[in-house]
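The numbers here are math on the coordinates, done by the rules we state, and not lab data. These numbers were taken from a predicted model, which means no experiment stands behind them. Quick reminder, even Gly has a Cβ in these numbers, built from the backbone with ideal geometry, and neighbours come from all protein chains shown.
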Amino acid sequence: MTNIFAQRKEKEEKILASMQHIKYLIAVGSGKGGVGKSTIAANLAIALAQKGFKVGLADADIYGPSIPTLFNIDGEKVMGTEINGQSYILPFERFGIKLMSIGFFVEKDKALIWRGPMASGTLNQLLVETLWGELDYLIIDTPPGTGDIQLSLTQDFPLSAALFVATPQEVAVADVRRAVNMYRNERINIPVLGLVENMAYFTPNDLPDRKYYIFGKDGAKRLAEELNLDLIMQMPISENISQTNDSGNPIALDFQSIEGKAFGKLASIVSERLQRGL
């Protein structure tokens, strides 16, 4: 039993040492897949970097890592280094942010069949052994739902806050309700910044004043009111976002675009709330 406590203490000390130069850790989550969570996480990271912050982005979605594709670095070889006898993974650097993803360590076309301890161990390795250096923000793109990764992240790491992404449909709203309630559980008690409603409406490029509510209207807004949360942003369905995701040049890089300005506003809201203590 003493050995178990010693191992636990050693693990805690290693995590705290690896995170000591990171000011804010933000988990970006969702209740279900396919709501654009990784797109929000990636563009938020870029928008924060454009404001002069030092930013890292960790792709902890072990079952569906998207960051390598979003930044056009699929197939890149991960490099390492050694400092004072300790081995570290060197993050990739793109567009002013540091990147690391589980996607760099698994074969792209093979499904991961991992039990909880394997997934949690990989999360620990990804976050602790990456040489992040000094950061203002580390954005963590988590898997959808409320599984082992979320439990390990909330229990073992000094999270500053969580941001949740939903689409307007009731099925997506119902799932994110459970995810928010998990983070708010009294044994976990991680502050929730609020909700981002993605794919809230469609606006054609040639009709910028029109909004078509393809997936229903204000589903996340009603949930935010129910949970006493802020609806921080309503992001449209956008052909531009889809095209830039596929090209590996996320839309926030075009800070003059409608979408880029929206992500810039999201970054301002997130940074202001964290700096004033939520």
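Quick one: which residues, 5 or more positions from Ile237 or on another chain, have an amide H under 5 Å from its amide H? H modelled 1.01 Å from N in the peptide plane, none for Pro or chain starts.
Sorted by chain and number, the residues that satisfy this are Met199, Ala200, Tyr201, Phe202, Thr203.
Quick one: putting +1 on the C-beta of Lys and Arg, -1 on the C-beta of Asp and Glu, what dipole do you get for segment 194-274 around its Cα centre, in Debye to the nearest 20? Walk me through the numbers on the way to the answer.
Working: 8 positive and 12 negative charges, 30 e Å.
Magnitude of the dipole: close to 140 debye.
Between Arg187 and Asp209, what is the label-to-label distance in nm when each label sits 7 Å out along the Cα-to-Cβ direction?
For Arg187 paired with Asp209, the spin-label model returns 5.5 nm.
When the chain is fully extended, how far beyond the present Cα-Cα distance does Glu13 get from Ile73, taking 0.36 nm per residue of separation?
18.4 nm
Of Leu70, Asn205, Leu274, which is farthest on the positive side of the dipole of the chain, counting Cα position, with +1 on Lys and Arg Cβ, -1 on Asp and Glu Cβ, and the Cα centre as origin?
Leu274
Of the candidates Leu227, Leu25, Leu57, which one comes out as most mobile in a Gaussian network treatment of the chain with C-alpha springs shorter than 10 Å?
Leu227
Given Cα pairs under 8 Å that are at least 6 residues apart, what percent is the relative contact order of the chain? Walk me through the intermediate numbers first.
On the way: 521 pairs, mean separation 69.2, N = 278.
Here the relative contact order equals 25 percent.
About the Cα centre of the chain, how large is the charge dipole given +1 on each Lys and Arg Cβ and -1 on each Asp and Glu Cβ? Please answer in debye to the nearest 20. Intermediate results must be reported in sequence, preceding the final value.
Details: 28 positive and 32 negative charges, 108 e Å.
Here the size comes out at about 520 debye.
Between their Cα atoms, which of Lys23/Lys98; Lys23/Lys265; Lys23/Lys221 are more than 24 Å away from each other?
Values: Lys23/Lys98 15 Å; Lys23/Lys265 21 Å; Lys23/Lys221 30 Å.
Those over the limit are Lys23/Lys221.
Return the subset of Lys9/Lys32; Lys9/Lys37; Lys77/Lys261; Lys11/Lys54 for which the Cα-Cα distance in this structure is over 31 Å, preserving the input order.
Pairs exceeding 31 Å: Lys9/Lys32; Lys9/Lys37; Lys77/Lys261.
What longest range of the chain stays clear of loop-exposed GluC sites (Glu not before Pro) (DSSP non-H/G/I/E/B, at most 10 other C-beta within 10 angstrom)?
Details: sites that count: Glu107, Glu134, Glu186.
Longest stretch, sites excluded: 1-106.
Among Asn228, Asn124, Asn72, whose mean-square fluctuation peaks in a Gaussian network model of the chain (Cα, cutoff 10 Å)?
Most flexible of the set in this elastic network: Asn228.
Count neighbours as other Cβ atoms within 10 Å of each site's Cβ, and list the trypsin sites (Lys or Arg not before Pro) in segment 115-210 that are DSSP loop with at most 10 such neighbours. Don't skip to the end; give the middle numbers.
Numbers: sites: Arg115, Arg177, Arg178, Arg184, Arg187, Arg210; in loops: Arg115, Arg187, Arg210.
Filter output for segment 115-210: Arg115, Arg187, Arg210.
Put +1 on the Cβ of every Lys and Arg and -1 on every Asp and Glu Cβ in the chain; which of Asn249, Gly121, Asn43 then has its Cα farthest towards the positive end of the dipole?
Result: Gly121.
Estimate the FRET efficiency between Leu90 and Phe255 by the formula 1/(1 + (r/R0)^6), using the beta-carbon distance for r and 22 Å for R0, to the nearest 0.05.
According to the calculation, E is roughly 0.20.
Any number yet on Rg/Rh for the chain, C-alpha, Kirkwood? Provide the component values of the computation, followed by the final result.
Numbers: Rg = 18.4 Å, Rh = 19.2 Å.
Computed over Cα atoms, the ratio is 0.96.
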